[in-house]
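The values are calculated or read from the model by the stated rules, or taken from the named source; none is laboratory data. Bear in mind the structure is a predicted one, so any value in this text is a computation, not a measurement. FYI the Cβ positions are ideal-geometry reconstructions off the backbone, even for glycines, and counts take in every protein chain you see.
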Amino acid sequence: MIDLYYWPTPNGNKITIFLEEVRLLYNIIPVNIMAGEQFNPDFLKVSPNNRIPAIVDHEPVNGGEPIAIFESGAILLYLAEKTGKLIPQDARLEVLQWLFWQMAGLGPMAGQNHHFSEYAPEKIDYAINRYVKETGRLYGVLDKRLADREFVAGDYSIADIAAYPWIVPYKRQSQNLEDFPNLKRWFETIKARPATIRAYEKAEAFKNSNPYNDKVMLSP
Ligand SMILES: N[C@@H](CCC(=O)N[C@@H](CS)C(=O)NCC(=O)O)C(=O)O
């Protein structure tokens, strides 16, 4: 069984999408990041950077004590290697490059875009423009990559799963998918996958049953 420390955000949804794809049993432990629960000492033992998502795997491959993992990219890689799924071996190096691209580029830049456009106490045009522009540049990079292939690297993989939840809020990021036709086609394909639908249904149910208030989210 996997314990998933979760809140319905793009980084949290990466992991539910993966787990729904491979049908691993998991138990969601909510961490209300609006109420500061990410700073609870027990959570910090699992996730020292005080951020969701994090997991504890109670059945590591080699047996032994439960393993705690934080950082969504590391979690995806761990789970893909554990299950042998969603990491096509003929494209492994490409999967890793695009996974790191998402973790170091698309996620942080789109996160800053959300922050300066919606949460910052004052509107700073320079910062808003910088991150909207950088998000658009990254959308363009992904669009170009997808011009001659169905998925980011080989078959559907953790590289796609890492990027998809960060494209879901494209309107909040002041982006228009019509400007990125290859990205749009990829987006619609992933959106229609049964596992994606289940993951987002879970996120919606979760939002409806919790004091979720998008406007006070700390980050991203
Ligand atoms: N690089 C981290 C980023 C995680 C992250 O930023 N998580 C946000 C929610 S999406 C969070 O927990 N924020 C809490 C806070 O800012 O204190 C990852 O990909 O796991």
message = Residues that are within 11 Å of the ligand (Cβ to nearest atom), polar (S, T, N, Q), assigned to a loop (DSSP other than H, G, I, E, B) and touching a strand residue (DSSP E or B) at 6+ places or on another chain (Cβ under 8 Å): does region 9-31 have at least one?
response = no
task = Check whether at least one residue in region 129-149 is among the acidic types (D, E), out of contact with any Phe, Trp or Tyr (no Cβ under 7 Å at 6 or more places or on another chain) and under 16 Å from R185 (Cβ atoms), and report yes or no.
result = yes
ask   = Quick check: anything in region 148-169 over 30 Å from L24 (Cα atoms) and exposed (fewer than 14 other Cβ atoms within 10 Å of the Cβ)?
value = yes
ask   = So how many residues does region 1-41 have that are on the phi > 0 side of the Ramachandran plot and acidic (D, E)?
value = 0
request  = Please enumerate the residues belonging to region 65-91 that are exposed (fewer than 15 other Cβ atoms within 10 Å of the Cβ), away from the ligand (no atom under 16 Å from the Cβ) and on the phi < 0 side of the Ramachandran plot.
outcome  = E65, P66, E81, Q89, D90
ask   = within 16 Å of the ligand (Cβ to nearest atom) and not aliphatic (A, V, I, L, M): does that describe N62?
value = no
Test for I124: is it on the phi < 0 side of the Ramachandran plot, over 19 Å from the mean Cα position of the chain (by Cα) and β-branched (V, I, T) = yes
ask   = Looking at K45, is it basic (K, R) and more than 25 Å from S157 (Cβ to Cβ)?
value = yes
task = Among residues belonging to region 33-47 that are touching a Phe, Trp or Tyr at 6+ places or on another chain (Cβ under 7 Å) and outside any helix (DSSP H, G or I), point out the one that is nearest to the ligand (Cβ to nearest atom).
result = I33
request  = With respect to Y139, determine if the residue is assigned by TED's automatic domain parsing to the domain that holds L19 and part of a helix (DSSP H, G or I).
outcome  = no
query = Any idea which residue in region 161-172 is nearest to V141 (Cα to Cα), counting only those that are in a helix (DSSP H, G or I) and touching a residue at least 40 places away in the same chain (Cβ under 8 Å)?
reply = A163
query = Which residue pairs have Cβ atoms under 9 Å apart, sit 6 or more places apart or on different chains, and have a first residue in region 56-81 that is touching a residue at least 24 places away in the same chain (Cβ under 8 Å) and a second that is of a type in the set (S, T, Y) and in a strand (DSSP E or B)?
reply = V56/Y5; F70/Y5
ask   = For region 42-83, how many residues meet the condition of being among the aromatic types (F, W, Y) and within 15 Å of Y6 (Cβ to Cβ)?
value = 2
query = Would you pick out the residues in region 64-99 that are farther than 20 Å from S47 by Cβ and among the small types (G, A, S)?
reply = G64, G84, A91
key: Residue that is farthest from I87 (Cα to Cα), among those in region 99-120 that are within 10 Å of the ligand (Cβ to nearest atom) and among the small types (G, A, S)   = G111
request  = Find all pairs meeting these conditions: Cβ atoms under 9 angstrom apart; at least six residues apart or on different chains; first residue within region 26-53 and in the same structural domain as P165 (by TED's automatic domain parsing) and touching a residue at least 12 places away in the same chain (Cβ under 8 Å); second residue part of a loop (DSSP other than H, G, I, E, B) and loosely packed, with under 14 Cβ neighbours inside 10 Å.
outcome  = none
